[in-house]
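Data first, discussion second: the structure below is written as structure tokens.
The values are calculated or read from the model by the stated rules, or taken from the named source; none is laboratory data. Keep in mind the model is a prediction, meaning the values are calculated, not measured. Every residue, glycine among them, receives a Cβ derived from its backbone with ideal geometry; neighbour counts consider all protein chains shown. SASA here: full protein model, heavy atoms, side chains in, ligands and nucleic acids out. Shrake-Rupley method; radii C 1.70, N 1.55, O 1.52, S 1.80 Å.
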2 protein chains.
Amino acid sequence: MTPSGPGSPLVECVPNLSEGRDREVIAALEAAASAAEGVKLLDSHSDPDHNRTVLTFAGPPPQVLLATMRLAREAVRRIDMRAHSGVHPRMGAIDVIPFVPLRATSLESCAQLAREMARYLGEDLQVPAFLYGAAAAAERPRSLHDIRGAGNLSVDAMSKRLRPPDFGPPAPHPTAGASAVGARQPLIAFNVNLEADLEVAERIARAMRASSGGLREVQALAFPLHSRGLVQVSMNLLDYRVTGLSQLLARVRELAADGGVGLVGCELVGLLPAAAMEGLETETMPGIPRPEDTIEARLARAGLG
Amino acid sequence: MTPSGPGSPLVECVPNLSEGRDREVIAALEAAASAAEGVKLLDSHSDPDHNRTVLTFAGPPPQVLLATMRLAREAVRRIDMRAHSGVHPRMGAIDVIPFVPLRATSLESCAQLAREMARYLGEDLQVPAFLYGAAAAAERPRSLHDIRGAGNLSVDAMSKRLRPPDFGPPAPHPTAGASAVGARQPLIAFNVNLEADLEVAERIARAMRASSGGLREVQALAFPLHSRGLVQVSMNLLDYRVTGLSQLLARVRELAADGGVGLVGCELVGLLPAAAMEGLETETMPGIPRPEDTIEARLARAGLG
């Protein structure tokens, strides 16, 4: 509907959906996300233990908004949080929706998309929506942790604890819970898996986490991966220019060795900027990001480069 | 959110809303229609006897779609068809939504917008939506008349007569009724008012109407204008290149003279293409379109020209 030439605005959306097991539902979500003209699905990552799928799609800003509306409609229809279990903290079917500026657009433009999306969730789908990150209003909580906490509240429990949302009803949607919608710069979601007790993973996560004195720009949580008999240190690297991905990996490896365990493998959730590949060329661990996992490579392949 | 330079795609939407009296509601509808970035309200025309408002707004295609969603949400919230009375045939709060290609886009692109909008009405707002014009599916009724008939059905009566819609529930929305969403080329909505019995207006309308042997590309209905003590011949001129507006006016004048009545005035609903002004320069009747009533003039004034 709008031109998408090399210099035209390009936005990425990386929604986290609370379904990581049912292939039929995941396929329907993927189809919804790429139904709008000019929008391309760049990546889809499902985890059965998290019971969560992270989609990455991109296109011209308003079309990405339309695609995200389509996706949210499908998620509300298909995901029932009353029947949900998974190790990752979450509060709704379409749990977190970040808009990310990729080209010829701004964080503030992405915050506008987030507000429009939150309005849609709240007013049309009746899913309470919280703005976070660069989209959060002044005096309102900005971080996901401040909004949802670290736990997995049931919809029932949440209805007692939910703060007033930015848009929508004060109580969670009976099946779809609540959603957080925000704007942010690209981040790298990177997990390391270990054969160890959860306690070891928790200790490593704590040592990695910027908020408890670890590496700068790193968020970290520990999860058991029941289906694989492993534990996971699940991290967000908010700015790879401050802490490199290879530096992060070296530090995890060191901490694991201190605990007497080795790393079984790692995994990227979504994509990473090409510049963040630096120093990874010599890594041989299973799951190390490859050049085809960069945003740039996927955009080029999708004809959006 | 997207560039809107001189060569960029431009779409117009001309929704007909079932409220033509309450200034507060009309102002809220106007605000909703122009809330999306890059979308400009070009015209607003309310008629208390029709109890109908026709908005004209334009912008880049996906933004116009977002604005129309906003408008529909507001209309569903504010207009209650159970309390509605008006002389114009209608079936819902947001009664008719045509998308019109203005520049660097196609009728088929507008049909896509119409389908996306109909999906929104049906699935999110639970308002049954019918596609018409270039957006209608094969084997489905194409004209508004085929969809809604010529009468003013109550929501109750409609629930017995409604055909299955293209999107949404099979029964009308309890307060907002149903909607028709379509794509078409620009048309000219032009009314002539007379001091006469309704019967005279009906005879003129019949004689003007293409479908009963009148002028080509002309649709016509007759209405009483109770608040003004007049009657009206309300016309759509589908293609002014086939039948000129001055030719249409001359023929109405002739028919009125045959009936022994004169024309009190006329009115344009919405805007008209500049090229359709030809031959009107010498007309002095109240309400004759002026150069500032053209789409081109309003686009230029709104910075979209």
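The table that follows gives values for the structure above.
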{"item": "Failed condition for A:Arg77, given (1) open to solvent by 10 Å² or more (accessible area, probe 1.4 Å); (2) in a loop (DSSP other than H, G, I, E, B)", "result": "(2)"}
{"item": "Residue in segment B:154-175 that is in contact with a Leu (Cβ under 8 Å, 6 or more places away or on another chain), in a strand (DSSP E or B) and surrounded by 17 or more Cβ atoms within 10 Å (Cβ to Cβ) present", "result": "yes"}
{"item": "Residue satisfying all of: in segment A:38-57; assigned to a strand (DSSP E or B) and among the β-branched types (Val, Ile, Thr); farthest from A:Pro89 (Cα to Cα) among these", "result": "A:Thr56"}
{"item": "Scope segment A:254-279; condition more than 22 Å from A:Asp47 (Cβ to Cβ) and part of a helix (DSSP H, G or I); matching residues", "result": "A:Glu254, A:Leu255, A:Ala257, A:Asp258, A:Ala274, A:Ala275, A:Met277"}
{"item": "A:Leu280 open to solvent by less than 30 Å² (accessible area, probe 1.4 Å), touching a Pro at 6+ places or on another chain (Cβ under 7 Å) and within 17 Å of A:Leu237 (Cβ to Cβ)", "result": "yes"}
{"item": "Residue list for segment B:80-102, restricted to those being open to solvent by 30 Å² or more (accessible area, probe 1.4 Å), modelled with pLDDT of 95 or more and not in a loop (DSSP other than H, G, I, E, B)", "result": "B:Leu102"}
{"item": "Given (1) under 18 Å from the mean Cα position of the chain (by Cα); (2) on the phi < 0 side of the Ramachandran plot; (3) in contact (Cβ under 8 Å) with a residue 24 or more places away in the chain, number of the condition B:Gly133 does not satisfy", "result": "(2)"}
{"item": "Residue ID - nearest to B:Glu12 (Cα to Cα), chosen from residues in segment A:1-37 that are in a loop (DSSP other than H, G, I, E, B) and β-branched (Val, Ile, Thr)", "result": "A:Thr2"}
{"item": "Lone unmet requirement of (1) within 30 Å of A:Gly7 (Cα to Cα); (2) in contact (Cβ under 8 Å) with a residue 60 or more places away in the chain; (3) more than 12 Å from chain A (Cβ to nearest Cβ); (4) over 15 Å from the mean Cα position of the chain (by Cα) for B:Leu10", "result": "(3)"}
{"item": "B:Pro61, sole failed condition from (1) within 13 Å of chain A (Cβ to nearest Cβ); (2) surrounded by fewer than 20 Cβ atoms within 10 Å (Cβ to Cβ)", "result": "(2)"}
{"item": "Lone qualifier among B:Val100, B:Val25 - being away from chain A (no Cβ under 11 Å) and in contact with a Cys (Cβ under 7 Å, 6 or more places away or on another chain)", "result": "B:Val100"}
{"item": "Every residue from segment B:103-129 that is surrounded by 20 or more Cβ atoms within 10 Å (Cβ to Cβ), more than 11 Å from chain A (Cβ to nearest Cβ) and not in a helix (DSSP H, G or I)", "result": "B:Val127, B:Pro128, B:Ala129"}
{"item": "Enumeration of residues in segment A:294-305 that are open to solvent by less than 20 Å² (accessible area, probe 1.4 Å) and under 18 Å from the mean Cα position of the chain (by Cα)", "result": "A:Thr294, A:Ile295"}
{"item": "Output for segment B:209-227, where each listed residue is surrounded by 15 or more Cβ atoms within 10 Å (Cβ to Cβ), closer than 27 Å to B:Asn51 by Cα and either more than 19 Å from the chain's Cα centre (by Cα) or not polar (S, T, N, Q) (or both)", "result": "B:Arg209, B:Ala210, B:Glu217, B:Val218, B:Ala220, B:Leu221, B:Ala222, B:Phe223, B:Pro224, B:Leu225"}
